[in-house]
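A short worksheet on the structure shown next.
The values are calculated or read from the model by the stated rules, or taken from the named source; none is laboratory data. All values derive from a computational prediction rather than experimental measurement. In this analysis, Cβ positions are derived from the backbone assuming ideal geometry, glycine residues included, and neighbour counts consider all displayed protein chains.
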Amino acid sequence: MKFFQLTPKIELSRDFKILCFYQTFIALADGMIGLFLPVFLFEHFHQSVHWVIVFYIVGYLLYALLVPFGAILMNKIGSEKSILLGRFFSLPFYLSLYFLKNDPFLFSVLAVLFLLFFRLFYWIPYHVDFVSFTEGKYRGRQMAYLAVLGYLVSIGAPLVSGFLLSEFSFELVFDLVMVILLISLIPLKKLKDTQARFEFSYTRTFQELFKKQNRSSVLAYLADGVQSMVGVAIWPLFIYQILEKQYLAMGAVAALVTIGTVLLQLLIGNYTDKYPKKKLLKIGSFLYALGWIAKSLVETAFQIFIVGTFHSFMSIILRTPLDALTYERLSCRDSSYVDEYTVLREISIALGYFLMGVLILFLIGLIGFKFAFLVAAFASLLINKL
């Protein structure tokens, strides 16, 4: 029986339990659409990778420039209402995608704007709340619980979406995602307000971003944004091409990869609380970089599964200590500055997405997809700067 007791029993706060309940709905929605969103854009932008990348980089550039205003708005309405409002804006985002085929330019602009509003209202209070609702010495395990819930709920989600896309259309998937997101608003209303206040001005925010003492953290998060851009936008399109546009096959591969991650996530969450997070982060970033290099060599569907599974495992070894270390550092700062440094983190990650997107725009026509995986491998190593 001890084999199954991967983590000691810990007390979870009421708000953390609510967050877990809420996150199960989000994981289900993300599992249904995450892998297929760049494919949807690719098909509706006349199979132009460049326009897909433009969609992403415009959104992330605007977000990077406007994050401080989102934190200022949180001051005025409170963290609970800000999260609710942000999640609500994700609904018209999917509605815009629903009508994208009617007028690609108009509805893509609307989609970018609604996605921007979602990010501005949502991410800062979400991260601030997470710091408040988790306990330092158990944070790795608490994050593991949250991640495992997401994995368990979303195992079949990409497979279901793949079937629906093969037999019906993207519109049906968007309908289901919007219903799930509407339901997710119910537990959000029960979260307490953390009363965080953003005290930096817009100008001071960017001054802090470029200060010497913040340089290593900014570089680490920027690198995280770089490799995330490749994982979010390029890898799904790469799979789509190799699997010859078979949605069901894409969903099946994603589901199989997810199944194997649950046990490892619990183990790494436990180790994250017991061992130095920086050491685990170094190991994870090196192994994760190897995964990106392996992805650059993929040629067949079977290789997608093998390499995808390996990279998913390495992602857990990287992300669990990375995220735990992030929240630990935020909680150790002066409590009045948790949201300020969360803003700096969000700007850095968004700039990483933007810079990688610009690089892809210039080079993908000359070199192809695979160069992006090598850049992501290098960026994964830079995450050690945290």
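Out of the residues in region 295-312 that are of a type outside the set (S, T, Y) and surrounded by fewer than 19 Cβ atoms within 10 Å (Cβ to Cβ), which is farthest from A252 (Cα to Cα)?
L297
Find the residue count for region 33-67, including only residues that are among the hydroxyl-bearing types (S, T, Y), surrounded by fewer than 17 Cβ atoms within 10 Å (Cβ to Cβ) and part of a helix (DSSP H, G or I).
Summing the residues that are among the hydroxyl-bearing types (S, T, Y), surrounded by fewer than 17 Cβ atoms within 10 Å (Cβ to Cβ) and part of a helix (DSSP H, G or I) in region 33-67 gives 0.
Yes or no, residue by residue, for (1) hydroxyl-bearing (S, T, Y); (2) touching a helix residue (DSSP H, G or I) at 6+ places or on another chain (Cβ under 6 Å); (3) closer than 21 Å to L243 by Cα:
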| residue | (1), (2), (3) |
| --- | --- |
| F40 | no, yes, yes |
| H44 | no, yes, yes |
| P68 | no, yes, no |
| N75 | no, no, no |
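So if I check each of L115, L120, L110, L152, which one is of a type in the set (A, V, I, L, M), under 21 Å from L188 (Cα atoms) and surrounded by fewer than 20 Cβ atoms within 10 Å (Cβ to Cβ)?
Values: L115 fails: surrounded by fewer than 20 Cβ atoms within 10 Å (Cβ to Cβ); L120 fails: surrounded by fewer than 20 Cβ atoms within 10 Å (Cβ to Cβ); L110 fails: under 21 Å from L188 (Cα atoms).
One residue alone meets the criteria, L152.
Give V148, V39 a once-over and let me know the one that is among the β-branched types (V, I, T) and over 16 Å from the mean Cα position of the chain (by Cα).
Going through V148, V39 in turn, the sole match is V39.
Which of the numbered conditions does K295 fail, given that it passes all the others? Conditions: (1) within 30 Å of S48 (Cα to Cα); (2) at pLDDT below 90; (3) among the basic types (K, R).
(2)
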